[in-house]
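Here is the structure we will look at.
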């Protein structure tokens, strides 16, 4: 629910592909106030999709 939490979660992942790398770069830029948090959210979701970590719609 925030940039810091997203970064902490990214560091736990064992599947680290190109979108994970991009998400980490965006996260660092957000922490440095160089990018908006919305960009971190988009990058995090892309990395989660790449790693097949998203639940199907309607599944919790």
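Pairwise Cα distances in the chain exceed 18 Å in 29 percent of cases. A full extension of the chain between residue 51 and residue 14 corresponds to an added length of 12.4 nm, given 0.36 nm per residue minus the alpha carbon distance. Where only DSSP H runs of four or more residues are counted, the chain gives -20000 deg cm²/dmol as its mean residue ellipticity at 222 nm, each run worth -39500 (n - 2.57).
Since every read-out is calculated from the coordinates, none of them should be taken as a lab result. Being a predicted model, the structure only gives us computed values, none of them experimental.
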